[in-house]
Amino acid sequence: MNDKTILIIEDDKSIHNFLKLALKANNYNTVESFTGLSGISLFMSHNPDLILLDLGLPDIGGMDVLLQIRQTSAVPVVIVSARGQEQEKVAALDAGADDYVTKPFGLNELLARIRAALRKQKPNVVTHEFVLDTMRIDFDKRKVYIKEKELHLTPIEYKILLLLTENAGKVLTHKFIQEKIWGYESNDDYQSLRVYMATIRKKIESDTACPRFIMTEIGVGYRFADE
């Protein structure tokens with residue numbers, strides 16, 4: 001049996017049962033709750049490795065659950081959201097959620113998001129390089145290579161790329177990136193950020209129409225590949 005325990009906080013019985021059976025079939029231990037308050041209680045008593053959290057709960061909202069959890073823990077939280085909840089989804093990511101899946105979702109996508117979130121849970125190890133596929137970043141020299149050919153990035157482009165790779169596998173919202181890079185929220189609907197992302201992609205991607213490294217989460221932000 002997998003030693004990872006996942007807390008499911010979901011009030012839809014059919015989705016709840018699907019999640020429980022799918023996770024157990026993939027060797028995860030599960031703890032289940034149908035309400036936000038009992039979910040918080042189970043989080044405190046079972047110390048799960050990851051939480052699957054629905055935003056629409058019958059007693060308190062998923063955002064309230066997330067905010068309470070984030071007061072004491074950095075446990076990975078993957079939001080399970082319905083279509084049409086884009087602003088709630090963005091707000092949850094900005095409040096500290098690690099990722100989200102949109103209902104209806106496929107099992108393979110869900111499991112991949114769980115694996116990515118669990119990898120981010122590992123203790124930070126001091127490293128001098130980031131390597132993925134054809135990309136290599138030398139943090140000491142502040143240089144980026146594709147197929148061992150050095151790329152020429154502006155300071156802002158490098159800073160954005162560094163932020164993305166430090167959070168590889170995690171969805172970063174437009175607001176989060178804007179505030180981390182420039183220190184303030186955009187007043188141009190993040191158009192400047194989109195221009196920078198397009199430029200970075202042209203430099204690092206062999207096919208910008210089918211990116212290998214930087215994925216767009218439409219209406220939300222960006223995710224850097226982690227495998």
Checklist entry - With respect to Leu93, is the statement that it is part of a helix (DSSP H, G or I), more than 12 Å from Ile40 (Cβ to Cβ) and open to solvent by less than 20 Å² (accessible area, probe 1.4 Å) true? => result yes
Checklist entry - Out of all the residues in the range 46-90, which are touching a residue at least 60 places away in the same chain (Cβ under 8 Å) and in contact with a Ser or Thr (Cβ under 6 Å, 6 or more places away or on another chain)? => result Asp49, Lys89, Val90
Checklist entry - Going through the range 1-58 one residue at a time, which ones are of a type in the set (D, E, K, R) and part of a strand (DSSP E or B)? => result Glu32, Asp54
Checklist entry - Quick one: how many residues across the range 1-11 are open to solvent by 10 Å² or more (accessible area, probe 1.4 Å) and within 23 Å of the chain's Cα centre (by Cα)? => result 5
Checklist outcome for this item: Screening Tyr100, Tyr145 for residues that are closer than 23 Å to Leu21 by Cβ and in contact with a Lys or Arg (Cβ under 6 Å, 6 or more places away or on another chain) leaves only Tyr100
Next on the checklist: Yes or no: the range 117-132 includes at least one residue that is out of contact with any helix residue (DSSP H, G or I) (no Cβ under 7 Å at 6 or more places or on another chain), modelled with pLDDT of 90 or more and of a type outside the set (Ser, Thr, Tyr).
Outcome noted: yes
Checklist outcome for this item: How many residues of the range 24-70 are surrounded by fewer than 19 Cβ atoms within 10 Å (Cβ to Cβ) and small (Gly, Ala, Ser)? The answer is 6
Checklist outcome for this item: Restricted to the range 187-217 and to residues being acidic (Asp, Glu) and open to solvent by 30 Å² or more (accessible area, probe 1.4 Å), the residue modelled with the highest pLDDT is Asp207
Checklist outcome for this item: Sole miss for Thr72 among (1) closer than 15 Å to Asp49 by Cα; (2) at pLDDT below 85; (3) among the hydroxyl-bearing types (Ser, Thr, Tyr) is condition (2)
Checklist entry - If only one of Tyr145, Tyr184 is open to solvent by 20 Å² or more (accessible area, probe 1.4 Å), farther than 20 Å from Glu205 by Cβ and either of a type outside the set (D, E, K, R) or over 21 Å from the mean Cα position of the chain (by Cα) (or both), which one is it? => result Tyr184
Next on the checklist: Just to be sure before I move on: is Val220 hydrophobic (A, V, I, L, M, F, W, C), farther than 26 Å from Glu129 by Cβ, open to solvent by less than 10 Å² (accessible area, probe 1.4 Å) and in contact (Cβ under 8 Å) with a residue 40 or more places away in the chain in the structure I sent?
Outcome noted: yes
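The values are calculated or read from the model by the stated rules, or taken from the named source; none is laboratory data. Source: prediction; values computed, not measured. Note that each Cβ is placed from the backbone with ideal geometry, even for glycine, and that neighbours are counted across all protein chains shown. These accessible areas exclude ligands, DNA and RNA; they are computed on the full protein's heavy atoms, side chains included. Shrake-Rupley method; radii C 1.70, N 1.55, O 1.52, S 1.80 Å.
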